[in-house]
Amino acid sequence: MAPPAIEFKSVSKWFGTHQVLTDIDLAIAPGEVVVVCGPSGSGKSTLIRCVNGLEPFQRGDLVVLGESIGRPGVSMSALRTRVGMVFQSFNLFPHMTVLENITLAPVRVRGLSAAEAEKTARTLLERVRIPDKAENYPANLSGGQQQRVAIARALAMQPKIMLFDEPTSALDPEMINEVLDVMTDLAKEGMTMMVVTHEMGFARRVAHRVVFMDAGRVVEEATPEVFFAAAKSDRAKDFLSKILSH
Amino acid sequence: MNYQFNWSVLWSGQSGGWLLHGLLLTLAISVLAWVLAAVLGIVSGAMRTVPWKPLRVIATFYVEFFRNVPLLVWMFFWYFGVPPLLPRVVQDWLFNHSAEFWAGMFALGVYHGARMSEIIRAGILSIPRTQFEAAVAMGLTTFQVYRLIIVPIALRLIVPPATNDSLNLLKNSSVALTISVAELTFQARQVETYTAKAIEALTAGTVIYLVLCLGIAAIMTRVERRFAIPGLIARGG
Ligand SMILES: Nc1ncnc2c1ncn2[C@@H]1O[C@H](COP(=O)(O)OP(=O)(O)OP(=O)(O)O)[C@@H](O)[C@H]1O
Ligand SMILES: [Mg+2]
């Protein structure tokens, strides 16, 4: 079996004295799509932010694409070129056009020529279905379009892993699907994905596994079929009843 | 009241030439000091927000040190205090090449750099932290993030307060007359001394400062429009 793309080994993290991750053990295989869910404050964001080093952790080990991170001497910049991340608040750079947003890192970090980077960027914009917005500024796009640009921007680095932290939570309902569709395509192409989301429809259709967190622990992990039909823990049942009722 | 106005003193004799020289020197010292202030302000303002304490401490020290001492004291410091500390050759060169101009320029630039630093820092802190995270998450180094994203956004946000301080810099350049830089105020006073026409001389000086300031403000408004971030600064169409 191929080694995991991401492997948490008893990872624990504190903010000051407040423990937010407790002995996380979790392995994600290459090509696997894992949805992380759980109540607010349970540590979902913190968990996925550890994977690209946005959050340091104090105990345990985390191996990403064969490299143990959090050890001194590991180049975070190099790791981050192989792990893309999409945020709830899009975070496009407002002073740059869509094209500039997408070509920035490929040119500055990977050393592509401007022409090569632009060619890739235009292909990616087609893939996220907004080929005609290359010259626009982020402010002139809808939320759904901005989030798709953010996905294209992350993909431009040709990452092996994509992290999503509530990518549709800031969107109007009618725009959620256009973003989920792009993510579904990506999953079908075999991308390794870790997705924090409350979109249970997406989890059911696309995820290979659902991880349920509460109070900094992984309380339950199961295939979507098992998780939605027969969650074992009371906390997961309670969470599901709340989230599925609206 | 029996004051006899005589505006012609401004264009008869040497007055006009003096005022013109004063104007040029004011512009020269202000422009150079502004460039110095902008560089110091951007570098130290950015340093005060980086996730690395030693840099923050150095930059904070610079700002507090220079901001809290009167400009006049800095003028004297750079003119009377610093040159004796320099090697003999440099001293000789300086005093043959208007030392007072360079001292005044440094004092003005370093003093306003500290103020510019505060403005830049406030601009940077108003950028959501997640912008920084999105940029480092793509593999950019902290330095690249500042150079390509954080500072360019901050500069666009701070045009109004930076304009304000640029005007202060221009006006404060008059303090350089205390170390005998023959700038505009110095020359206006010279006109006054030679013609005994205080109101005319000082009015001329005032009007020139006013025109300069209004001109700068107008240019900065255009700069602000030109570089406005779409959607963030929607002003005046
Ligand atoms: N920078 C921080 N400093 C201190 N505490 C923090 C910080 N970030 C998060 N926390 C705390 O860590 C815990 C986990 O937060 P996290 O953001 O990971 O939760 P989450 O599951 O993503 O919640 P949500 O669904 O609201 O996004 C919370 O108790 C939160 O208050
Ligand atoms: Mg979160």
Which one of these does A:P39 not meet: (1) open to solvent by 20 Å² or more (accessible area, probe 1.4 Å); (2) in a helix (DSSP H, G or I); (3) in contact (Cβ under 8 Å) with a residue 60 or more places away in the chain? (2)
Determine whether region A:47-66 contains at least one residue that is assigned to a loop (DSSP other than H, G, I, E, B), touching a Cys at 6+ places or on another chain (Cβ under 6 Å) and within 15 Å of ligand 1 (Cβ to nearest atom). yes
With the requirement that a residue be in a strand (DSSP E or B), at the interface with another protein chain (Cβ under 9 Å from one of its Cβ atoms) and open to solvent by 50 Å² or more (accessible area, probe 1.4 Å), what does region A:67-90 give you? none
All positions within region B:134-181 that are touching a strand residue (DSSP E or B) at 6+ places or on another chain (Cβ under 8 Å) and closer than 15 Å to A:P94 by Cβ: B:A134
Would you confirm whether any residue within region A:24-33 is open to solvent by less than 60 Å² (accessible area, probe 1.4 Å) and within 13 Å of ligand 1 (Cβ to nearest atom)? yes
Output the number of residues of region B:125-164 satisfying the condition of being open to solvent by less than 50 Å² (accessible area, probe 1.4 Å), more than 7 Å from chain A (Cβ to nearest Cβ) and assigned to a loop (DSSP other than H, G, I, E, B). 2
From the options A:L99, A:L104, A:L125, residue that is among the aliphatic types (A, V, I, L, M) and in contact with a Phe, Trp or Tyr (Cβ under 8 Å, 6 or more places away or on another chain): A:L104
Pairs, first without any contact (Cβ under 8 Å) to a residue 24 or more places away in the chain in region A:17-34, second open to solvent by less than 20 Å² (accessible area, probe 1.4 Å), C-beta under 8 Å, six or more apart: A:A27/A:I6; A:A27/A:F8
If you go through A:A231, A:A150, the only one that is modelled with pLDDT of 95 or more and either surrounded by fewer than 23 Cβ atoms within 10 Å (Cβ to Cβ) or in a helix (DSSP H, G or I) (or both) is A:A150
Does A:N136 satisfy the criteria of being within 12 Å of chain B (Cβ to nearest Cβ) and polar (S, T, N, Q)? yes
Some residue of region B:83-101 being surrounded by 15 or more Cβ atoms within 10 Å (Cβ to Cβ) and at pLDDT 90 or above: yes
Please verify whether A:P159 is within 11 Å of chain B (Cβ to nearest Cβ) and within 27 Å of A:I6 (Cβ to Cβ), treating the condition exactly as stated. yes
Do we find that B:L169 is assigned to a helix (DSSP H, G or I) and open to solvent by 50 Å² or more (accessible area, probe 1.4 Å) in this structure? no
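Yes/no per residue for (1) more than 14 Å from A:G38 (Cα to Cα); (2) away from ligand 2 (no atom under 16 Å from the Cβ); (3) free of Cβ contacts under 8 Å to residues at least 24 places away in the same chain:
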{"site": "A:P173", "(1), (2), (3)": "yes, yes, yes"}
{"site": "A:E189", "(1), (2), (3)": "yes, yes, yes"}
{"site": "A:G201", "(1), (2), (3)": "yes, yes, yes"}
{"site": "A:H208", "(1), (2), (3)": "yes, yes, no"}
{"site": "A:A222", "(1), (2), (3)": "no, yes, yes"}
{"site": "A:A230", "(1), (2), (3)": "yes, yes, yes"}
{"site": "A:A236", "(1), (2), (3)": "no, yes, no"}
{"site": "A:S245", "(1), (2), (3)": "yes, yes, yes"}
Does region A:46-60 contain at least one residue that is within 14 Å of ligand 2 (Cβ to nearest atom) and exposed (fewer than 15 other Cβ atoms within 10 Å of the Cβ)? no
Does A:V20 count as modelled with pLDDT of 95 or more and within 16 Å of ligand 1 (Cβ to nearest atom)? yes
Taking region A:183-227 only, how many residues are assigned to a strand (DSSP E or B) and open to solvent by 20 Å² or more (accessible area, probe 1.4 Å)? 6
Which of (1) open to solvent by less than 50 Å² (accessible area, probe 1.4 Å); (2) in contact with a Gly (Cβ under 9 Å, 6 or more places away or on another chain); (3) in a helix (DSSP H, G or I) is the odd one out, the single condition B:V181 does not satisfy? (3)
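The values are calculated or read from the model by the stated rules, or taken from the named source; none is laboratory data. A quick note: this is a predicted structure, and the numbers were derived from the prediction, not measured. Don't worry about glycine lacking a Cβ; one is built from the backbone with ideal geometry, like all the others, and counts go over all protein chains shown. Remember, those area values only see protein heavy atoms, side chains included, never the ligands or the DNA or RNA. Shrake-Rupley method; radii C 1.70, N 1.55, O 1.52, S 1.80 Å.
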